[in-house]
Amino acid sequence: MKPFVLHHVGMSCNDPIAVERWYTKHFGIERRRVYAPGPEQVVMIEAGGFYLELFHSTEERPTPKVEGAGPDYSGFRHFCFPVDDLDAKLAEMGDDAKITLGPLDMSQFIKGMRVAWLADPEGNIAELNQGYVDEENPPPLPPA
């Protein structure tokens, strides 16, 4: 069976334009489609074959904005962008890099790996990761 490919993650935003500008400015994400142009538009932005679908929020956030690496309750915690040089990327982002945790040395897991978590303009958490590599022989999934 051919493996599924993750295509996009939908995000509800109070200000989708501000969110789009942040990801475009710092991660090379580009606008690929606009559904229903106007105040309630839905925008697809893409980088490296992965899309964020930005919706205009119609309700207030039921929980406070999160810090650290993302929420600890069930659901999506954060998404990640690989970077060649974490310090250089953070410096390039300047005041737009609202760090919620890190930078942290994660060499105890992967030699040379360093990470930082940032809040986007809506408080969603994005990880910047320098040095991640797959494990050669990860342990198998336990049987059901």
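The values are calculated or read from the model by the stated rules, or taken from the named source; none is laboratory data. All values reported here derive from a predicted model rather than from experimental measurement. Please note: Cβ atoms are built from the backbone with ideal geometry, for glycine as well, and neighbour counts cover all protein chains shown. Ligands, DNA and RNA are excluded from the accessible area calculation, which covers all protein heavy atoms including side chains. Shrake-Rupley method; radii C 1.70, N 1.55, O 1.52, S 1.80 Å.
Quick notes on this structure:
- The C-beta contact set for segment 124-137 (first residue of a type in the set (Gly, Ala, Ser), second residue open to solvent by less than 20 Å² (accessible area, probe 1.4 Å), distance under 7 angstrom, 6+ apart or interchain) comprises Ala126/Leu118; Ala126/Asp120; Gly131/Met113.
- Which listed residue, of Glu46, Glu60, is of a type in the set (Asp, Glu) and open to solvent by less than 60 Å² (accessible area, probe 1.4 Å): Glu46
- A single entry from Val66, Val19 fulfils the requirement of being within 26 Å of Met113 (Cβ to Cβ) and surrounded by 13 or more Cβ atoms within 10 Å (Cβ to Cβ): Val66.
- Residue match in segment 88-98 (condition: in a loop (DSSP other than H, G, I, E, B), at pLDDT 95 or above, under 27 Å from Cys13 (Cβ atoms) and open to solvent by less than 80 Å² (accessible area, probe 1.4 Å)): yes
- Pick from segment 70-87, criterion outside any loop (DSSP other than H, G, I, E, B) and among the hydrophobic types (A, V, I, L, M, F, W, C), ranking: modelled with the highest pLDDT: Leu86
- For Phe76, the conditions (1) over 13 Å from the mean Cα position of the chain (by Cα); (2) exposed (fewer than 15 other Cβ atoms within 10 Å of the Cβ); (3) touching a residue at least 24 places away in the same chain (Cβ under 8 Å) are fulfilled apart from (1).
- Number of residues in segment 104-117 that are assigned to a strand (DSSP E or B), within 13 Å of Val83 (Cβ to Cβ) and free of Cβ contacts under 8 Å to residues at least 24 places away in the same chain equals 0.
- Residue match in segment 120-127 (condition: small (Gly, Ala, Ser), buried (at least 18 other Cβ atoms within 10 Å of the Cβ) and over 19 Å from Val19 (Cβ atoms)): no
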